[in-house]
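Here, each number is a calculation from the coordinates, and none is a lab measurement. This structure is a prediction, so every number in the text was calculated from the model and none was measured. Positions of Cβ are backbone-derived with ideal geometry, glycine not excepted, and every protein chain shown enters the neighbour counts.
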Amino acid sequence: MSDISTTARSGFLHPKLLNCSLSDNSTTACSGFFNPKLFELLVSDNSTTACSGYFNPKLLKLWMSDNSTTAEVAPQLLYKFIEQTMQPGPSVSLKCSASGNPTPKIVWYVDGFPLPNNDRLMIGQYVTMFGDVISHVNITAVKSEDGGDYECRALSKAGVASHSARLNIYVPPSAPIVSVNSVHKNSVSLQWRVEDIGGAPLKGFTLTFRREPAEWEELQLDRRINSYVLENLQCGTRYQFTINTYNTIGTSPSSEVESVKTKGDKPSAPPTQSFIRLNTTSITLDLSSWQDGGCPILYFSIEFKLHESSTEWIIVSNKIETNARYNIGDLDPGTAYNLRMTAHNNAGSTHKEFYFKTLDFVEIKNELGRVELPSVQTVFTDAHLLAVIVSSIFGTILALIGALICFKNCS
C-alpha cells in the first residue's frame, strides 16, 4: 500500500455497482453483487483488482493502508419484533437486530422505562461475524403486569434507531364493586364499577338476583352501562344481588352479594273496639281497620273458639281476600269467645288474638231502655209546638166536614 492510498467504505448495500478508487496510481474496481461474507481488498501501488459477486445486505469492510480513513454509519434496524396478544402463562421472546459503524448497542425499554433483568425476564445480546448486533428479551411465564409498550433502541456515536410494539397480556376482568343507590317499595337502584377490565374490552354484565329464599334469576345487561334499576319487586321483601362481567378472555368473579329489603312492613292490628261490632248471635269484623304497613294486605285468616271452655279452634276461612266488613254468625248469645286473626302481605304476616262476648237479650233491653224519648210534659209545655198541634187538628176536622158536604151534594 502507498501513503497516498485511500479507502472507500460501504455499509449495507442494495445490489448495485460499487466502485472504489484507491491511490493515485492504483485503482480497485469492486462491482457486482457480493456474497454474504466479509471482504478485504489489499491493494498495492499500480495494482488493479476487480471483485464481483452477490451481496446479501451485510457490512463490507475494506482494510487499506495506515493512512486509510473509515466512514461512520448510523445504526439501522434489520429485524423488528411485532405486536403480540396472549394470555398469562406461556413464555414469549422479543427480538431486534441492527447494524452500523461502529457496531451499535441495543437497549430495551417498557412503557418508557428501562427494562429490568431478573430471573423471569432475561436480556441477551451478541455480535455476528458480519458485524450485526442481535438482542432478545425472553419472558418466562408471562403475567398480566408484563403487558405494555416494548421498545428496542440501537445506539452508537453515529446515531440512534428505535422500534416499539405492544405486548398485550389479556386476562378476565376483576369482580365488579356494587353499591345500592336507593331502595323503594317495588324497586332497587344499583350501581357498580370495574377496576381492572383485564386489557380486553368488556362484552357485558350479568345481574343475578333472588327474593329470599327463592331461586336465583339472571338478567343480561349492556356493557356500556354501570347502573340499573331493578323493578317489579315485592314490597317489604328482602332480595340478594350479585354482578359479574366478561371480556373475550373470560368471566370475572362475582361481586360480593348485596342483601337489601324493599320498603314496607307487616300489617298492624287495630284495637278491639274499632274492629269488632257485637250482636247477640253474630259479630261484624271491620277488616279495613287493619293498617297495611305500606304493603297492600293480600288476605286474612280467621279462626274462633269458645273462651276457656274449648281448645279447638274453628276455622272460618284461611283466605279472605277483602278489606271490607265480614260477618261471623251462629254464635250463642251472651257467650265469651276468642278470635284469632292473621293478616298477610308481602312483608310478612301479623297474628293477633281478640277476646269478645256476644250480647244477651237483657243487655239489648237495657240498651233500648237507655234511649231517651221526649216526655208528654215536655211536649205540652212548649207553646210553639202546642199551637202547631192544635192547628193541625182543627184543619183536619174542617177538611173532613168539607168532604162530607161535597159527598151529600153529589148524591
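Computed values, structure above
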read-out	value
Gained length - residue 118 relative to residue 191, 0.36 nm times residue gap less alpha-carbon distance	22.1 nm
Residue 93 versus residue 355: modelled label distance in nm, points set 7 Å from Cα along the beta carbon direction	9.5
The range 119-167: C-alpha gyration tensor shape, a/c 1.5 cut-off, then a/b vs b/c	oblate
Cα centroid of the range 285-336 to Cα centroid of the range 184-259, whole Å	43
Peptides 203-211, 350-358 ordered by average Cβ neighbours within 10 Å, highest first	203-211, 350-358
